[in-house]
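Reviewing the structure listed below.
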Amino acid sequence: MKDSLASSFEKIYGCKAEVFAQAPGRIEFIGNHTDYNAGFTMGVAIDKVVMVALSKRTDRKICFASIKSGEVVEIDMDNIERQKREYNWVNYPLGVFKFLLDAGLEAKTGFNMLDMSNLPAGAGLSSSAAIELSSAFAMSELYGFNADLKTKVRIGRKCENHFVGMPCGILDQGVSGFGKKDALVFIDCKSEDFSNAPLPSTCKFWLFNSTKKHALVDGMYEARHNECMEASNVLSGGDSRLLREFSIEDLESKKAELSENAYKRAKHVIEENSRVLSAKEALANGDIQMVGKLLVQSHKSSQMLFENSCEELDFLVDEIIKNKNVYGARLSGGGFGGAVMALTNENFGTEDAQEIEKAYASKFGKKPMVFTCSAGDGAKLV
Ligand code: GLA
């Protein structure tokens, strides 16, 4: 992949790339919509990546090209502004560059950048976090800026929140940054502590993407975010403590003051935080059956309380968990369409996946996008 990126870079820009970095996509393992509530969550970095190549320019332009789009977008580095819809893909590395400058990166001249990816497109694997983290690594290296991993992860999230305009938490960037082969990433989103939890090598991940995307998916995400903030405002009496700080008893005692939706979203988040901690403990005890049960409980809670599932995802989970080689399955990521993750033993194979594909196709008239992957390392220079 690096050789092919290097030669495309030379063709497009007429010079050699000086720096290469890569960052993986992620699967959300458990902890749905807990991250921006300062809660707990777990994800897994996968063995598929976005790779970027950079070289310095002699003027003050920054140029972005993507193998996928084939076009080059040129921006004046003294006038960094959010790009319009058709160039939205540029906003991820552009926002990262802007916040690296704010953090102290010094750049006398601009750069050329090209990206390439072997992450399946639109599969719900957070290619945006992967481009943010790979850009943060490559840009820091190119300009000799000494930022630690946590700073790069936080800059990735800042780019989403304050440049792209997506009010996400730190899950995607944290996992893409702190991923480790054969391990999960556990995140305490309040202290922003990242640690790894080993995963038995007999466990496999399968992803079943419904290929359904709710037309208002960004708006729905924001709506859920707002409902959670509404609940935490009531519970904290306005002192800005987030849902992480509260127990089910706290919630019940304020039920009368909450809208029905705010109550349901908060109940999901509070219970989901406990499920993440239980899953972490079960993993440490080698109790994978228990982990699987918690995954299914998490899905049911997304379905009934957070209401970010849909008919397609519910069907996939129900079909997948019928298979005896499956420990558990749940929707993974923002929801309202997107993908279901299954945790299986090593006997689950292509034929099992095909059976589920067939059942899905006969109900919904189209096949889900299915693939398997394993836990890979986080972002790095290559
Ligand atoms: C998306 C966001 C994450 C997280 C999940 C839901 O993937 O980018 O920050 O909120 O949804 O858990």
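The values are calculated or read from the model by the stated rules, or taken from the named source; none is laboratory data. Just so you know, these numbers come straight off a predicted model, no measurement behind them. For neighbour counting, all protein chains shown are included, and Cβ atoms are generated from backbone atoms with ideal geometry for every residue, glycine included. When the accessible area is computed, the model is the full protein with side chains, heavy atoms only, and any ligands, DNA or RNA have been set aside. Shrake-Rupley method; radii C 1.70, N 1.55, O 1.52, S 1.80 Å.
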Please determine, by comparing only the residues of segment 205-243 that are assigned to a loop (DSSP other than H, G, I, E, B) and among the charged types (D, E, K, R), which one is nearest to Ile288 (Cα to Cα).
Arg241
Select, from Ala129, Ala138, Ala121, the only residue that is within 21 Å of Lys2 (Cα to Cα), in the same structural domain as Gln83 (by TED's automatic domain parsing) and touching an Asp or Glu at 6+ places or on another chain (Cβ under 7 Å).
Ala129
Can Gly237 be described as without any contact (Cβ under 8 Å) to a residue 12 or more places away in the chain and not hydrophobic (A, V, I, L, M, F, W, C)?
yes
Residue satisfying all of: in segment 173-192; over 16 Å from the mean Cα position of the chain (by Cα) and under 19 Å from Val269 (Cα atoms); surrounded by the fewest Cβ atoms within 10 Å (Cβ to Cβ) among these
Ser191
Check Leu331 against each of (1) within 16 Å of the ligand (Cβ to nearest atom); (2) surrounded by fewer than 23 Cβ atoms within 10 Å (Cβ to Cβ) and name the one condition it does not meet.
(2)
Which residue pairs have Cβ atoms closer than 7 Å, lie 6 or more positions apart in sequence or on different chains, and pair a first residue in segment 108-121 that is over 11 Å from Ala65 (Cα atoms) with a second residue that is part of a loop (DSSP other than H, G, I, E, B) and among the hydrophobic types (A, V, I, L, M, F, W, C)?
Gly110/Met77; Asn118/Met1; Leu119/Leu125
If you go through Lys158, Lys152, the only one that is more than 23 Å from Val19 (Cα to Cα) and touching a residue at least 60 places away in the same chain (Cβ under 8 Å) is Lys158
Anything in segment 168-188 that is near the ligand (Cβ under 9 Å from one of its atoms) and outside any helix (DSSP H, G or I)? List them, or say none.
Cys168, Gly169, Ile170
Which of the residues belonging to segment 193-210 are open to solvent by 40 Å² or more (accessible area, probe 1.4 Å) and either charged (D, E, K, R) or more than 17 Å from the chain's Cα centre (by Cα) (or both)?
Asp193, Pro198, Pro200, Ser201, Thr202, Lys204
For residues that are closer than 13 Å to Leu100 by Cβ and out of contact with any Gly (no Cβ under 7 Å at 6 or more places or on another chain), scanning just segment 154-167, find the one that is farthest from the ligand (Cβ to nearest atom).
Ile155
Could you count how many residues in segment 211-233 are open to solvent by less than 40 Å² (accessible area, probe 1.4 Å) and either of a type in the set (Val, Ile, Thr) or in contact (Cβ under 8 Å) with a residue 40 or more places away in the chain (or both)?
6
Reported set for segment 304-314 where residues are open to solvent by 10 Å² or more (accessible area, probe 1.4 Å), part of a helix (DSSP H, G or I) and in contact with a strand residue (DSSP E or B) (Cβ under 8 Å, 6 or more places away or on another chain) is Glu312
Which number in (1) within 21 Å of Asp172 (Cβ to Cβ); (2) among the hydrophobic types (A, V, I, L, M, F, W, C); (3) away from the ligand (no atom under 16 Å from the Cβ) marks the one condition that Ile356 misses?
(1)
